[in-house]
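The values are calculated or read from the model by the stated rules, or taken from the named source; none is laboratory data. None of the values given here were measured: they were computed from a predicted structure. Positions of Cβ are backbone-derived with ideal geometry, glycine not excepted, and every protein chain shown enters the neighbour counts.
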Amino acid sequence: MAQTVFRNVAIVDGSGAPPFRGEVLVQGNRIQAISRAAGALSAPSAEEVDGGGATLMPGLVEAHAHPSFADTSTIEALGLIPPEEHTLLAMKNVRVLLDHGFTSLFSAAAAKPRLDVVIRNAINAGDIPGPRMLAASPEMTVTGGLGDVRLHHHHRESFAVIADGADEFRRAARHFVREGVDTLKINPSGDEYVPSARAKHTVMTEAEVAAVCEVARSRGRRVAAHARSAESVKMSLRNGVEVLFHATLSDAEALEMLEAAKDRVFVAPTLGITYTSLFEAKDHGAPPPADVARALEHELKVGCDNMKALRRRGVRVLPGGDYGFTWNPIGRNARDLEHFVELLGYTPMDALVAATALGAQLMMRGDELGQVREGFLADLLLVDGDPSKDVRILQDKGRLLAIMKDGEFHKRPPAARATYAIAAE
Ligand SMILES: [Zn+2]
């Protein structure tokens, strides 16, 4: 079995423990041994990597990824991309995510029904480079909800699937389970950019949410919800949704319910998209209309207060920011860690834990992923600098000296840092 040994590294293990100097031996796809003493790990046939004091840490987990979004300024534009081009685009995007240190991604919806599934399968088969991936359905939404971009007078494709009534939602959910998704995505609330369904509006009915959750439960799948309004959060929790996206406008009762479910639910506020829509979209020629900007400003403030409260209550709050728009492009995903520090008051180390060990729990592999620990899967980043002091380092892919996924280098360390041992004859 192939072996790699990292020596002379500062280990940030993902648990929140202070960094320590040491060595890590990878055998096959797992971390075989960790030593705090220099030269203690003997591995004569291993590839030697001299970290030169760089940081070795777990690969990052993106909790709200859209591998098939196209960095467009509108969601309507996604419907115009033919399936063939769209598949190639998604293939490129997952490589970009891995290039930027994300070794796992939780998809928050595919832009066409089978895109996530085929990309996940190709990654797992070793046919294309990409992170570990949980594949999602398209967004299941109601007529007039987020993702319904149809026009009354002629046909227009959407990135969402529109259903009305419990029967239609049940049929759609069964359909996507048949096609192989890990996660069913629903849009129970609206969004500030949708005039007919704003963030504060709850547009799915209890019966519709229940129908999707029932399908998921019966097939061992999970449901993720675009839930900005307080009522959409509560409706989701009442019916067994486990991944709450946004949850920004939660009220006191919603916070109580999230806390009561903290051992099974995850919250990803997606600060990246809200922050950049509010402050940076204008630099890309797409400023939000004044009423939308006012609402986003309110949502960002209330949302940050709510995330701080949820964290105090022990709810797992994860970075992952809806990257995939012109002003919030794929590849910038690590910026969400900076938002956690700047907007939510996380220490850099706590932001790293959220993006690694807690993210691994979202991937349903918390017992073998997301930490530099003996026996864990070898998803590792060798980083120039100390991200536990400054998470912004992670946004510069030039400072990711090496990227290892499942024991294999996606990005090899610079030649000066790696030497190949010649096995004794
Ligand atoms: Zn999203």
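Results, tabulated for the structure shown:
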item	result
Filter result for the condition that a residue is crowded, with 23+ Cβ neighbours inside 10 Å and not hydroxyl-bearing (Ser, Thr, Tyr), over ALA33, ALA38, ALA2, ALA63	ALA63
Test: residue in segment 89-98 that is within 19 Å of ASP386 (Cα to Cα), touching a Gly at 6+ places or on another chain (Cβ under 8 Å), basic (Lys, Arg) and modelled with pLDDT of 95 or more	no
Condition check for GLY190: at positive phi and either at pLDDT 95 or above or touching a strand residue (DSSP E or B) at 6+ places or on another chain (Cβ under 6 Å) (or both)	no
Strands (runs of 3 or more DSSP E) fully within segment 8-69 counting 3 or more residues that are among the charged types (D, E, K, R)	47-50
All positions within segment 186-210 that are without any contact (Cβ under 8 Å) to a residue 60 or more places away in the chain, not polar (S, T, N, Q) and not in a loop (DSSP other than H, G, I, E, B)	ILE186, GLU206, ALA207, VAL209, ALA210
Boolean, ASP367 is of a type outside the set (S, T, N, Q) and within 15 Å of the ligand (Cβ to nearest atom)	no
Listing of helices (runs of 4 or more DSSP H) fully contained in segment 81-182 that carry 1 or more residues being in contact with a strand residue (DSSP E or B) (Cβ under 8 Å, 6 or more places away or on another chain), touching a residue at least 24 places away in the same chain (Cβ under 8 Å) and within 21 Å of LEU380 (Cα to Cα)	83-99, 115-124
Filtered residue count, segment 229-273, keeping only those that are within 16 Å of the ligand (Cβ to nearest atom) and either more than 23 Å from the chain's Cα centre (by Cα) or on the phi > 0 side of the Ramachandran plot (or both)	3
Boolean, ALA125 is within 16 Å of the ligand (Cβ to nearest atom) and assigned by TED's automatic domain parsing to the domain that holds PHE325	no
Filtered residue count, segment 98-118, keeping only those that are closer than 23 Å to PHE159 by Cα, crowded, with 24+ Cβ neighbours inside 10 Å and not polar (S, T, N, Q)	8
Wholly within segment 234-343, helices (runs of 4 or more DSSP H) carrying at least 3 residues that are buried (at least 24 other Cβ atoms within 10 Å of the Cβ), in contact with a helix residue (DSSP H, G or I) (Cβ under 6 Å, 6 or more places away or on another chain) and acidic (Asp, Glu)	none
Odd one out for HIS201 among (1) within 18 Å of ALA227 (Cα to Cα); (2) of a type outside the set (Val, Ile, Thr); (3) touching a helix residue (DSSP H, G or I) at 6+ places or on another chain (Cβ under 7 Å)	(3)
Matching residues in segment 344-384 - criterion: being in contact with a helix residue (DSSP H, G or I) (Cβ under 8 Å, 6 or more places away or on another chain), more than 16 Å from PRO18 (Cβ to Cβ) and small (Gly, Ala, Ser)	GLY345, ALA354, ALA355, GLY366, GLY370
Out of ALA70, ALA109, ALA77, ALA90, sole residue that is aliphatic (A, V, I, L, M), closer than 20 Å to GLY147 by Cα and under 12 Å from the mean Cα position of the chain (by Cα)	ALA109
Matching entry among GLY345, GLY359, GLY324 (being more than 20 Å from ALA33 (Cα to Cα) and in the same structural domain as ALA90 (by TED's automatic domain parsing))	GLY324
